[in-house]
């Protein structure tokens, strides 16, 4: 089987799990959290697209973003995604490192300017990507 044959089932499984999390939040009466979670990945896609298309980042940082997106698109990982929790950990680490690189290059104000989603989601990803919630110089 080629890697393209694995891409659709893997993407479908991730989308199904994502939809289950959103549905669980809705059933728990946490509509605001469900909406934020449902918009989180699209918001990240918009953020990365805006950062890549603008002149706000050096070329090296843009290459880091492109490489991280490429890694996520590959059907194989350092740790296979079918292993619960740990399988997605390498993806989270890659995105956090790429986001940390952007924070170091442009600062939180740049990311805040391009972030299309709610401030709480931005705060969560900024905290994940930085040490103690503040980017290192």
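The values are calculated or read from the model by the stated rules, or taken from the named source; none is laboratory data. Small disclaimer: the values here were computed from a predicted structure and weren't measured. Counting neighbours? That spans all protein chains shown, and the Cβs are built from the backbone with ideal geometry, glycine included.
Summed over the range 97-107, the residues that are more than 16 Å from residue 43 (Cα to Cα) and within 16 Å of the chain's Cα centre (by Cα) give a count of 4. Residues in the range 60-82 that are modelled with pLDDT under 85, surrounded by fewer than 15 Cβ atoms within 10 Å (Cβ to Cβ) and part of a helix (DSSP H, G or I): 70, 72, 73. Take residue 57 and decide whether it is crowded, with 16+ Cβ neighbours inside 10 Å, at pLDDT 85 or above and in contact with a helix residue (DSSP H, G or I) (Cβ under 7 Å, 6 or more places away or on another chain). When the stated conditions are applied, residue 57 passes them. The C-beta contact set for the range 22-43 (first residue at positive phi and in a helix (DSSP H, G or I), second residue modelled with pLDDT of 75 or more and surrounded by 15 or more Cβ atoms within 10 Å (Cβ to Cβ), distance under 9 angstrom, 6+ apart or interchain) is empty. Filtering the range 23-41 to residues that are in contact with a helix residue (DSSP H, G or I) (Cβ under 6 Å, 6 or more places away or on another chain) and closer than 19 Å to residue 122 by Cβ leaves 25, 33, 34, 36, 37, 38, 40. Return yes when residue 116 is farther than 20 Å from residue 35 by Cα and either in a loop (DSSP other than H, G, I, E, B) or modelled with pLDDT of 80 or more (or both) and no when it is not. Spelling it out, it is not the case that residue 116 is farther than 20 Å from residue 35 by Cα and either in a loop (DSSP other than H, G, I, E, B) or modelled with pLDDT of 80 or more (or both). Kindly check whether there is at least one residue in the range 83-95 that is farther than 21 Å from residue 16 by Cα and surrounded by 13 or more Cβ atoms within 10 Å (Cβ to Cβ). Checking the range 83-95: at least one residue is farther than 21 Å from residue 16 by Cα and surrounded by 13 or more Cβ atoms within 10 Å (Cβ to Cβ).
Quick test for you: out of 23, 36, pick the one residue that is over 18 Å from residue 68 (Cα atoms), out of contact with any strand residue (DSSP E or B) (no Cβ under 8 Å at 6 or more places or on another chain) and either loosely packed, with under 15 Cβ neighbours inside 10 Å or modelled with pLDDT of 80 or more (or both).
Numbers: 36 fails: either loosely packed, with under 15 Cβ neighbours inside 10 Å or modelled with pLDDT of 80 or more (or both).
One residue alone meets the criteria, 23.
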